Structure formats: structure tokens, C-alpha cells
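What follows is a short report on a single structure.
The values are calculated or read from the model by the stated rules, or taken from the named source; none is laboratory data. If you're wondering where the values come from, they're calculated on a predicted model, not measured in any experiment. Note that each Cβ is placed from the backbone with ideal geometry, even for glycine, and that neighbours are counted across all protein chains shown. When the accessible area is computed, the model is the full protein with side chains, heavy atoms only, and any ligands, DNA or RNA have been set aside. Shrake-Rupley method; radii C 1.70, N 1.55, O 1.52, S 1.80 Å.
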Amino acid sequence: MKYIIVTGAYGGMGTATAKVLAESGFTVFALDKEVKDAEKGIIPIKADITDEGSVKSAALEIGKITDSLFAIIHFAGIYMLDSLVEMRGSDFEKIFGINLYGAFLINRTFMPFLKKGSRIIITTSELAPLDPLPFTGIYAVSKAALDRYAYSLRMELQLLGTDVSVIRAGAVKTGMLGASTDALSAFCEKTELYSCNAERFRRIVDGIEAKSVSPGKIASKVLKILKKRHPSFAYRINGNPWLKLYGILPKRLQLFAIRQILR
């Protein structure tokens, strides 16, 4: 029997992936701050991935069942939209704590469970390798840091026989889409430094999110990666062509375009 940890297991992508993996014969340890009842092939584990004591307790609980993991799949993460010079320090710490430190803590804690041939899959974002848009910078920076962490981890763990891959997903139909709209409205109401053209910015956000894919598509991609003998580092899903085009523009044109759109 092969065991897999899924973090953020009771969010949209995590739930869909845990279900697909369980249906495919894996036993899933479903980690989240709030969990539901156990299902066939899915064992709920309540844990806060940013708290070392909580993660160690989860490891002890899992250790009673197995000492070997085939894979760790990371979905835990939050979205945030704010000005880099107006946001609260606690929010800055929070997004890096969940999006980056949480992945580090899980991987470090469960490293003894990973044997040769095991896998780690980390969900970053299509924004990770791109230049960030204004006010989404804090989210993009946290995901870019996570993406670089994942590559560094791949460089090291290849020496131990563990593959590390990232899924750079675009818009997915989860609660995070609603969160981005709410965050935009809240930002435009509270900012004191920027004359926020909320309607123009909302059109950009809506254009990106309109072509979202179901969490099931992410789950299917995870299963395919797990079945590959030699998985690649990065897998891109539902990338927005306009963001990609923006990303290859010279920096001077990027800045000019943003000024014209949001001024």
C-alpha cells in the first residue's frame, strides 16, 4: 500500500486530489486545520502547517500507521491582495508563513518517511516565474519564493532519490477566486496612497479568472505526475496568455502599460 500526504486537503484542489488518489488505490493522509470525517482511502489529520508542534504531532499520528510515504502533495496556501507599503506586517508574515514556511516545515518533518523513488509536488502559481502585477505582488512574491525553494529542494533531494515537481496553475474554480475579488474591493476601500481604479483593475482580474478550470483537472495532473518514472520539474496548467505576454514585455513597457490601465 502506498501512502500520500495532501496538505490543504479540504480546500478545492486538495479535496479533489485526495478523492482521485484514494480512488486510484492510494491511502491519503488529509492534512488541514479543519478536517471532515474519514472516508475510504482518506485519513483526516488535523494540523496547522505553520506550527512546528502541530506538524510534529501529525507526524507521530501518521507514524503509528506507516513509516513510509510515497509522496507529499502541497496545496495549502492563501491569496492576498494589498499594497506593499500599506499592508500590515502581520499579513506579510502570514502569507509567507503559510505559502512558504509551511511547505518547508512539512517537508523537513516528514523527510524520514520519504524513501528512494518518493515524490514531492508543490503547487506554486503561473505567476511564480512572471513579473507581478501591482497589488498582487505580495502573493506573486510568496509563490515565486516557493517556486525557487522547490527547485533548490529538487537539486538536493535528487541525490537521495526523491523527485520534486511544481504545478504552476492558473485560475482554478476554488474559494480562492472569490477571495481575490473580495480582497480587491477591500483594498480599493482602504488604500490611502493610491487612487484605485477598481473597475479597471477588476476587469483585469475577471479576465484572468473567467477561464478557470475545475479542481479535478489539477487532481488528474497530480496523478499523471505520480505515475511518471522521471517527472519534470514544472508543469503549467491553464496559463493565461495575456499574463505570459505581459511577462515577456520589456520592463519599461510593462510599467507604461500599468500606468495607462490603472491611472
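Couple of notes before you dig in:
- Number of residues in region 114-135 that are open to solvent by 10 Å² or more (accessible area, probe 1.4 Å), of a type outside the set (Gly, Ala, Ser) and under 15 Å from the mean Cα position of the chain (by Cα) equals 4.
- Given (1) surrounded by 15 or more Cβ atoms within 10 Å (Cβ to Cβ); (2) farther than 16 Å from Pro215 by Cβ; (3) among the basic types (Lys, Arg); (4) in contact with a helix residue (DSSP H, G or I) (Cβ under 8 Å, 6 or more places away or on another chain), number of the condition Lys2 does not satisfy: (4)
- One residue stands out in region 5-21 among those that are touching a Gly at 6+ places or on another chain (Cβ under 8 Å) and at pLDDT 95 or above: the one that is surrounded by the most Cβ atoms within 10 Å (Cβ to Cβ), namely Val6.
- Some residue of region 192-208 being in a helix (DSSP H, G or I) and at pLDDT 75 or above: no
- Boolean, Ile237 is over 16 Å from Glu126 (Cα atoms), among the β-branched types (Val, Ile, Thr) and touching a residue at least 40 places away in the same chain (Cβ under 8 Å): no
- Residues in region 117-140 that are modelled with pLDDT of 95 or more and of a type outside the set (Ser, Thr, Tyr): Gly117, Arg119, Ile120, Ile121, Ile122.
- Here Met87 passes the criteria (1) part of a helix (DSSP H, G or I); (2) over 23 Å from Ile218 (Cβ atoms); (3) in contact with a helix residue (DSSP H, G or I) (Cβ under 7 Å, 6 or more places away or on another chain); (4) not aromatic (Phe, Trp, Tyr) except the one numbered (1).
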